[in-house]
Amino acid sequence: MSEILNVNNLTMRFDKKTVFKDLNFKLEEGSMTALLGPNGTGKTTLINILMKMFPPTAGSFKFAADVRLGYVPQFRNLDAEYPLSIAAFTGLNAPLIKSKKVKDIINKQLKETNLYDIRNTRMGEASGGQKQRAYLAQALLDNPNVIILDEATASLDPMAKEELMQLIEHLNEKHNITVLFVTHDVPLATKYMQNYLYLNHQQIAQGRMADFKEEYE
């Protein structure tokens with residue numbers, strides 16, 4: 001496998017607080033990696049840096065030239081009165097004027113995420129798992145080859161978690177999408193991820209998920 005992300009001596013400080021220092025790791029194309037660690041250790045900060053939302057204090061990172069990033073946020077419940085259908089919500093990331101080509105792409109991703117048959121259901125009436133799959137469908141519209149799941153299974157019930165992760169596994173196997181999964185759910189990560197990054201005490205460790213030691217937590 002070829003390298004898709006290379007992180008070198010990445011350091012982040014806010015005022016006088018060092019969040020992490022001299023992080024070094026690599027991700028391979030087509031890999032499935034869990035980003036683990038206690039609250040407050042900088043996992044979200046690291047993701048924000050990788051998404052270029054703000055620059056690091058020191059160090060660097062480089063994605064492969066052809067990388068297209070997709071992002072799926074932590075589950076956010078929508079008001080029961082939220083008016084958009086699942087299809088319309090998914091299409092928010094598409095051009096405002098929906099050509100036939102754009103509509104075909106939206107329908108393709110609704111089918112990919114097992115939402116097509118309920119595409120006319122209002123988001124406010126959808127289950128938590130269906131809403132989260134709609135966020136995934138949104139991310140897939142840009143045809144990403146790297147997907148970052150930022151606590152995307154938090155607050156979902158066990159069945160919805162399994163449905164989402166089986167879908168992610170399918171996307172990885174069918175489309176070779178590289179996955180970085182930020183989570184506290186070690187059993188779920190052990191079941192679906194190949195590798196781990198463990199962020200704690202301003203440092204990062206990397207290895208095979210099957211070898212992850214519970215005592216880290």
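Does region 118-145 hold any residues that are of a type outside the set (A, V, I, L, M, F, W, C), in a helix (DSSP H, G or I) and over 16 Å from K161 (Cβ atoms), and which are they?
Residues of region 118-145 that are of a type outside the set (A, V, I, L, M, F, W, C), as a first pass: 119-122, 124-125, 127-133, 135, 138, 142-145.
Right, trim to in a helix (DSSP H, G or I) and you get 124-125, 128-133, 135, 138.
Result: G124, E125, Q138.
When L36 is tested against (1) under 18 Å from R68 (Cα atoms); (2) of a type outside the set (G, A, S); (3) in contact with a His (Cβ under 9 Å, 6 or more places away or on another chain), just one condition goes unmet, and that condition is (1). Kindly evaluate N93 against the criterion of being out of contact with any helix residue (DSSP H, G or I) (no Cβ under 7 Å at 6 or more places or on another chain), of a type outside the set (V, I, T) and under 24 Å from I4 (Cβ atoms). Judged against the criteria, N93 is not a match. Between Y192, Y196, the distinction of being more than 20 Å from P73 (Cβ to Cβ), in contact with a helix residue (DSSP H, G or I) (Cβ under 7 Å, 6 or more places away or on another chain) and surrounded by 19 or more Cβ atoms within 10 Å (Cβ to Cβ) belongs to Y196 only.
Residue-wise test of (1) surrounded by 16 or more Cβ atoms within 10 Å (Cβ to Cβ); (2) charged (D, E, K, R); (3) out of contact with any His (no Cβ under 8 Å at 6 or more places or on another chain).
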residue: V102; (1), (2), (3): no, no, yes
residue: I105; (1), (2), (3): yes, no, yes
residue: L110; (1), (2), (3): yes, no, yes
residue: N114; (1), (2), (3): yes, no, yes
residue: T121; (1), (2), (3): yes, no, yes
residue: E125; (1), (2), (3): no, yes, yes
residue: Q130; (1), (2), (3): yes, no, yes
residue: Y135; (1), (2), (3): yes, no, yes
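Taken over region 181-205, the criterion of being touching a residue at least 40 places away in the same chain (Cβ under 8 Å) and assigned to a strand (DSSP E or B) is satisfied by F181, V182, N195, Y196, L197, Y198, L199, N200, Q203, I204. Candidates I4, I49: the one that is modelled with pLDDT of 95 or more, over 17 Å from Q203 (Cβ atoms) and not charged (D, E, K, R) is I4. Where helices (runs of 4 or more DSSP H) fall entirely within region 27-117, those with at least 2 residues that are touching an Asp or Glu at 6+ places or on another chain (Cβ under 8 Å) are at 43-50.
Just to be sure I understand, how many residues within region 1-37 are hydrophobic (A, V, I, L, M, F, W, C) and out of contact with any Leu (no Cβ under 9 Å at 6 or more places or on another chain)?
Initial filter on region 1-37 (hydrophobic (A, V, I, L, M, F, W, C)): 1, 4-5, 7, 10, 12, 14, 19-20, 23, 25, 27, 32, 34-36.
In the following step, the residues that additionally are out of contact with any Leu (no Cβ under 9 Å at 6 or more places or on another chain) were identified as 1, 14.
Matching residues across region 1-37 total 2.
The criterion of being part of a helix (DSSP H, G or I) and either among the aliphatic types (A, V, I, L, M) or touching a residue at least 12 places away in the same chain (Cβ under 8 Å) (or both) holds for L164.
Exactly one residue among T33, T57 is farther than 25 Å from F212 by Cβ and either in contact (Cβ under 8 Å) with a residue 60 or more places away in the chain or surrounded by 14 or more Cβ atoms within 10 Å (Cβ to Cβ) (or both), and that residue is T57. Restricting region 77-94 to residues that are surrounded by 10 or more Cβ atoms within 10 Å (Cβ to Cβ) and not aliphatic (A, V, I, L, M), the residue that is nearest to R119 (Cα to Cα) is S85. With respect to the conditions (1) free of Cβ contacts under 8 Å to residues at least 60 places away in the same chain; (2) of a type in the set (S, T, N, Q); (3) not assigned by TED's automatic domain parsing to the domain that holds E151, T45 lacks only one, and its number is (3).
The values are calculated or read from the model by the stated rules, or taken from the named source; none is laboratory data. Note that the structure is predicted; figures quoted are calculated from it, not measured. So basically every Cβ, Gly included, is an ideal-geometry build from the backbone, and we count neighbours across all protein chains shown.
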